[in-house]
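A quick write-up on the structure given underneath.
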Amino acid sequence: MKLTVIALAGLLIAAFWAGPAAAEEHSNKYGGSTSHSYGSTSHTNDQGGSTSHSYGQGTSHSNKYGGSTSHSYGEGTEHSNEYGGSSAHAYGGGTEHTNTYGGSTSGAYGQGAEHTNTYGGTTSGAYGQAAPPPPAGAYEQAAPPPPPAPGWRLRERLNQ
């Protein structure tokens, strides 16, 4: 019993005496790798994607298809995809998005949003502004269907 307690105490002392590691690196199950040192972490996967983060600076990520996302501390976030679309948001500012076909949408807090389609047409709405009413007749109900022909219940029973 005493030997077990002494051995356990020795293992615990050795484990806590070493202190935290200054840097760590790991390989992942499918071939990627992860490394970390004080204030910085990076990761790559087996498909060609990578992610990195630096304390107080920001984070960036890229995938195997060419898409990427980055965030800078206190500034904002940007994203682009492999098809040419992109989005951006500035800290305390607005947001912009451009789709792969050239349409764009932008907006700022308290200001509303504006969308421009690929043909140059725009739609906008200011903060607190309601959409305009539809044109007259836009939502008229269709005429009700004609009444059933006489004897329809009898035909329905015969067809069963």
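The values are calculated or read from the model by the stated rules, or taken from the named source; none is laboratory data. Quick caveat: nothing in here was measured; it's all calculated off a predicted structure. Positions of Cβ are generated from backbone atoms using ideal geometry, with glycine treated the same way; all protein chains shown enter the neighbour counts.
Some notes on this structure:
- Filter result for Ser68 (more than 30 Å from Gly125 (Cβ to Cβ), surrounded by 16 or more Cβ atoms within 10 Å (Cβ to Cβ) and at pLDDT 85 or above): yes
- Residues (out of contact with any strand residue (DSSP E or B) (no Cβ under 6 Å at 6 or more places or on another chain) and polar (S, T, N, Q)) located in segment 26-50: Asn28, Asn45, Gln47
Per-residue answers, yes or no, for (1) loosely packed, with under 12 Cβ neighbours inside 10 Å; (2) in a strand (DSSP E or B); (3) at pLDDT below 85:
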residue	(1), (2), (3)
His61	no, yes, no
Glu82	no, no, no
His89	no, yes, no
Glu114	no, yes, no
Ala131	yes, no, yes
Ala138	yes, no, yes
Arg153	yes, no, yes
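- Of residues in segment 71-105 being in contact with a strand residue (DSSP E or B) (Cβ under 8 Å, 6 or more places away or on another chain) and of a type in the set (D, E, K, R), the one farthest from Thr51 (Cα to Cα): Glu96
- Candidates Thr118, Thr123, Thr69, filtered to the one that is assigned to a loop (DSSP other than H, G, I, E, B) and at negative phi: Thr118
- Restricting the first member to segment 32-46 and to residues that are at pLDDT below 85, and the second to residues that are outside any loop (DSSP other than H, G, I, E, B) and not charged (D, E, K, R), the beta-carbon pairs closer than 7 Å and six or more apart or on different chains are Gly32/His43; Gly32/Thr44.
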